[in-house]
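Visitor: First the structure, which I've put down as structure tokens, then a few questions once you've had a look.
The values are calculated or read from the model by the stated rules, or taken from the named source; none is laboratory data. Everything numeric in this text was worked out from a predicted model, so none of it was measured. Every residue, glycine as well, gets a Cβ built from its backbone with ideal geometry; the counts of neighbours run over all protein chains shown. Accessible surface is based on the protein model in full, side chains and every heavy atom, while ligands, DNA and RNA are left aside. Shrake-Rupley method; radii C 1.70, N 1.55, O 1.52, S 1.80 Å.
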Amino acid sequence: MIGRLNHVAIAVPDLAASSAQYRDTLGAVVHPPQDEPDHGVTVVFIDLPNTKIELIAPLGDDSPVAAFLERNPAGGIHHICYEVADILAARDRLKAAGARVLGSGEPKIGAHGKPVLFVHPKDFNGCLIELEQV
């Protein structure tokens, strides 16, 4: 059902400092920040030859990433995103297997302009999973 690894998301307390670290220390291609109000985050994508890194920071105090950073003040891996061909079929398969799809269960448009869903970390070894339709 899942395809390529689309990105690994890292929650960071300081988006500018983290972006500079990837750009200046690691020599990565770092894109400008973009606000994603529907998800409560500001994101920066970093291109790698085989995938992307997504740095995420809270956009407002009620952001789910703000709560993550309260528990992990230095930041850390927040989620892993896999590509799927049909997000509704993937959602239905996951739900049939007992996995909990977060939110309403209906896809939202993500940072790449494509439908996304999140699956509860307790159903995947403590890892929050994002699915993105490609």
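Visitor: List every residue whose amide H lies under 5 Å from the amide H of Arg4, counting only residues 5 or more places away in sequence or on a different chain, with H placed 1.01 Å from N in the peptide plane.
Guide: Glu83
Visitor: Compute the angle between helix 87-96 and the longest alpha-carbon principal axis of the chain, please, reported from 0 to 90 degrees and rounded to the nearest 10.
Guide: 60 degrees
Visitor: Here's a follow-up. Which of (1) 128; (2) 204; (3) 108 is the computed volume of the Cα convex hull per residue in Å³ for the structure on display?
Guide: (3)
Visitor: Taking all protein chains in place and a 1.4 Å probe, what share, in percent, of the accessible surface of region 13-134 do carbon and sulfur account for? Intermediate results must be reported in sequence, preceding the final value.
Guide: On the way: 3650 of 6800 Å².
Reported share for carbon and sulfur atoms: 54 percent.
Visitor: Turning to a different aspect of this structure: Multiply the residue separation of Thr51 and Asp92 by 0.36 nm, subtract the distance between their alpha-carbon atoms, and state the gained length in nm to one decimal.
Guide: On the way: separation 41, 0.36 × 41 = 14.76 nm, distance 2.63 nm.
That works out to 12.1 nm of additional length.
Visitor: A follow-up question, please. Under a crude label model (7 Å from the Cα following the beta-carbon direction), how far is Asp38 from Val8 in nanometres?
Guide: Label-label distance for Asp38 and Val8, simple model: 2.7 nm.
Visitor: Considering only the other residues whose Cβ falls under 14 Å of the Cβ of Arg4, what net charge follows from Lys and Arg at +1 and Asp and Glu at -1? Please list the in-between numbers first.
Guide: Working: positive: Lys52, Lys114; negative: Glu83, Glu130, Glu132.
Combined, the nearby Lys, Arg, Asp and Glu give -1.
Visitor: On to the next question. With every protein chain left in place, what is the accessible area per residue of the chain in square angstrom, probe 1.4 Å? Before the final figure, lay out the partial values.
Guide: Values: 7310 Å² over 134 residues.
Per-residue accessible area for the chain comes out at 55 Å².
Visitor: Under a 1.4 angstrom probe, counting protein chains only, how are Asp38, Asp62, Asp123 ranked by accessible area, largest first? Mind showing how you got there, number by number?
Guide: On the way: Asp38 115, Asp62 140, Asp123 50 Å².
Of Asp38, Asp62, Asp123, the descending order of accessible area is Asp62, Asp38, Asp123.
Visitor: Take every DSSP beta bridge with both residues inside the chain and express the antiparallel ones as a percent of the total, to the nearest 5.
Guide: On the way: 26 of 37 bridges.
About 70 percent, rounded to the nearest 5.
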